[in-house]
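What follows is a short report on a single structure.
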Amino acid sequence: MREIIRQKLVQAISEPPPAFTRRQTRLPQVRNKTHAVVGMRRAGKTTFLHQCRSDLLSEGREPATLAYFSFDDERLAEMDQKHLHWVIEEYYAINPTFRDQEKVAFFFDEIQLVPGWEQFARRILDSENIQLFVSGSSAHMLSREVATSFRGRAMETRVYPFSFREFLRHRAAEPEQAVSNLTKAQRSALEHAFTDYLITGGFPEAQGTSTTDRLMLLQGYVDTVILRDVIERHTIRNVTALREMIRQLLGNAAAAFSVNRFYNDLKSRGIPASKDILHALLAHIEDTFLIRLVPIHTSSERVRQTNPRKIYPVDQGLIPAFDRSGRPNTGHALETAVLIELERRGYERAYLHTRNGFEIDLIATPLAGAPILIQACTDLTDSRTRDREFRALADGLAEFPRATGLVLTHT
């Protein structure tokens, strides 16, 4: 095993970072912290590690001081906590003059495959002159687990599927100037690309594939999440209820979801599951980053807990993979894209019911500043639809006079 570790280190140090589409993901600039890169499977966490390595190279760091190491290797299947120090020892056997003299950055990918890695990571942070980047499958590196394991020594970075700008960048179609300065032809091309983005989504591997291949690929991602991040991790026995819940959640994007109603639906179909189990399954699914749960906006915790939450997939490309209606669902795709973009930007998100009974799709609250009330609707050409959206927004603004109101549309 030590020879395999040495071979992997030598190869990784000698090879330049692979080609990648640059992500807008921000890495916290805090000294002496582990960077924990988390997110949905196949969203691009490994690529982001290579981007971080590339950035350090561009700052003038010596390539040999930037060590990428992936634990996702069948030859390391028997590796456990007591073997992890071999990675450090073999690296310094190759580069003995660096120890304690040079700051070395280690990029440990899929490290969660080795039990006890957290204790190893804390120890080398305290005993070696290093920077540490760790990444792994979502449910094995939850925000709360990273915080607990590193006792305040780690900063989390979330990686999402491509944003629209990253989607354009991947296609080499990112505008070089402000949208207001684009020609009519350029604006039309941008609008066409946005329509594609709403349909195909932002998972990197799904770009440029046929519709059939893309839907099969995305369904495969979800199957892997169900099996490895929920069933295996939590030893789930009621697989039928879990799969029914997944279909309900992903097949009804941007809709309210109530565990009580879902429980009654399962009961009417003869599928046994307690409410406690269903609540636990919902929490496990959210932990994988597959879905985002959006509560109602209220100052009352009791009201928040008793009202349904709206459910969004982590990427709008998942909607056609699970929507059984057979109709294009660009409205919910737009709302999903907006919700995830707000999360990327660090906004607190909720939906709003006004006192007069109108619903606002999203109320987004920044860390500092006034909230934004958002209605997302792809088509406002129908006067009734237009009146409904603006009437609800006006009612919400009457309750939140400091807020900004936005109607986001595609037409």
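The values are calculated or read from the model by the stated rules, or taken from the named source; none is laboratory data. Keep in mind it's a predicted model, so treat the numbers as computed, not measured. All Cβ positions, even for glycine, are placed from backbone atoms using ideal geometry, and neighbour counts span all protein chains on display. Only protein heavy atoms, including side chains, enter the accessible area calculation; ligands, DNA and RNA are left aside. Shrake-Rupley method; radii C 1.70, N 1.55, O 1.52, S 1.80 Å.
Could you look through segment 273-289, keep only residues that are assigned to a loop (DSSP other than H, G, I, E, B) and at pLDDT 95 or above, and pick out the one that is surrounded by the fewest Cβ atoms within 10 Å (Cβ to Cβ)?
We begin by selecting, within segment 273-289, every residue assigned to a loop (DSSP other than H, G, I, E, B); these are 273-274, 288-289.
Filter once more, so that each one left must be at pLDDT 95 or above: 273-274.
Working: Ala273: 18, Ser274: 11.
Checked segment 273-289; the qualifying residue surrounded by the fewest Cβ atoms within 10 Å (Cβ to Cβ) is Ser274.
Being acidic (Asp, Glu) and either more than 17 Å from the chain's Cα centre (by Cα) or over 20 Å from Tyr197 (Cβ atoms) (or both) is the filter here; which residues of segment 322-344 pass it?
Once the filter is applied, which keeps residues that are acidic (Asp, Glu) and either more than 17 Å from the chain's Cα centre (by Cα) or over 20 Å from Tyr197 (Cβ atoms) (or both), segment 322-344 yields only Asp323.
Say whether the condition of being polar (S, T, N, Q) and in contact with a strand residue (DSSP E or B) (Cβ under 6 Å, 6 or more places away or on another chain) is met by at least one residue in segment 302-315.
Yes, segment 302-315 contains a residue that is polar (S, T, N, Q) and in contact with a strand residue (DSSP E or B) (Cβ under 6 Å, 6 or more places away or on another chain).
So how many residues does segment 26-60 have that are at pLDDT 90 or above, among the polar types (S, T, N, Q), open to solvent by 30 Å² or more (accessible area, probe 1.4 Å) and closer than 15 Å to Thr157 by Cβ?
Total meeting the criteria: 2.
Each row is one residue, and each column tells you yes or no for (1) at positive phi; (2) open to solvent by less than 50 Å² (accessible area, probe 1.4 Å); (3) aliphatic (A, V, I, L, M).
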site	(1), (2), (3)
Glu89	no, no, no
Pro96	no, no, no
Asp100	yes, no, no
Trp117	no, yes, no
Arg123	no, no, no
Ser127	no, no, no
Leu132	no, yes, yes
Ser135	no, yes, no
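Examine segment 312-322 for a residue that is in a strand (DSSP E or B) and open to solvent by less than 10 Å² (accessible area, probe 1.4 Å), and state whether such a residue exists.
Yes: one or more hits.
Exactly one of these conditions fails for Gly152: (1) over 28 Å from Pro328 (Cβ atoms); (2) of a type outside the set (S, T, N, Q); (3) under 20 Å from the mean Cα position of the chain (by Cα). Give me its number.
Only one criterion in (1) over 28 Å from Pro328 (Cβ atoms); (2) of a type outside the set (S, T, N, Q); (3) under 20 Å from the mean Cα position of the chain (by Cα) is unmet by Gly152, namely (3).
Return the only residue of Glu3, Glu78 being touching a residue at least 60 places away in the same chain (Cβ under 8 Å) and of a type in the set (Asp, Glu).
Selected residue: Glu78, the only one of Glu3, Glu78 that is touching a residue at least 60 places away in the same chain (Cβ under 8 Å) and of a type in the set (Asp, Glu).
Give segment 52-65 a look and list any residue that's over 26 Å from the mean Cα position of the chain (by Cα) and either under 20 Å from Pro28 (Cα atoms) or free of Cβ contacts under 8 Å to residues at least 24 places away in the same chain (or both), or say none.
Those that are over 26 Å from the mean Cα position of the chain (by Cα) and either under 20 Å from Pro28 (Cα atoms) or free of Cβ contacts under 8 Å to residues at least 24 places away in the same chain (or both): Leu57, Ser58, Glu59, Gly60, Arg61.
Looking at (1) of a type in the set (Val, Ile, Thr); (2) open to solvent by 20 Å² or more (accessible area, probe 1.4 Å); (3) under 27 Å from Ile246 (Cα atoms); (4) not in a helix (DSSP H, G or I), can you tell me which one Val303 breaks?
(4)
For every residue, the table says whether it meets (1) polar (S, T, N, Q); (2) over 20 Å from the mean Cα position of the chain (by Cα).
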{"residue": "Phe164", "(1), (2)": "no, no"}
{"residue": "His170", "(1), (2)": "no, no"}
{"residue": "Glu176", "(1), (2)": "no, yes"}
{"residue": "Val179", "(1), (2)": "no, yes"}
{"residue": "Thr195", "(1), (2)": "yes, yes"}
{"residue": "Ile199", "(1), (2)": "no, no"}
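Just to be sure, is Arg327 open to solvent by 10 Å² or more (accessible area, probe 1.4 Å) and either under 30 Å from Ile246 (Cα atoms) or outside any loop (DSSP other than H, G, I, E, B) (or both)?
Criteria met by Arg327.
Give, as residue ranges, the helices (runs of 4 or more DSSP H) completely inside segment 154-227 that count at least 3 residues that are more than 17 Å from Met40 (Cβ to Cβ) and touching a residue at least 40 places away in the same chain (Cβ under 8 Å).
Result: 164-170, 184-200.
Is there any pair linking a residue in segment 90-119 that is free of Cβ contacts under 8 Å to residues at least 24 places away in the same chain to one that is assigned to a helix (DSSP H, G or I) and not aliphatic (A, V, I, L, M), with Cβ under 9 Å and at least six apart or on different chains, and which?
Once the first residue is free of Cβ contacts under 8 Å to residues at least 24 places away in the same chain and sits in segment 90-119, its partners that are assigned to a helix (DSSP H, G or I) and not aliphatic (A, V, I, L, M) give Tyr92/Phe98.
Every residue in segment 62-78 that is open to solvent by less than 60 Å² (accessible area, probe 1.4 Å) and not polar (S, T, N, Q), please.
First pass over segment 62-78, keeping only residues open to solvent by less than 60 Å² (accessible area, probe 1.4 Å): 64-71, 73, 76.
Residues satisfying the conditions are Ala64, Leu66, Ala67, Tyr68, Phe69, Phe71, Asp73, Leu76.
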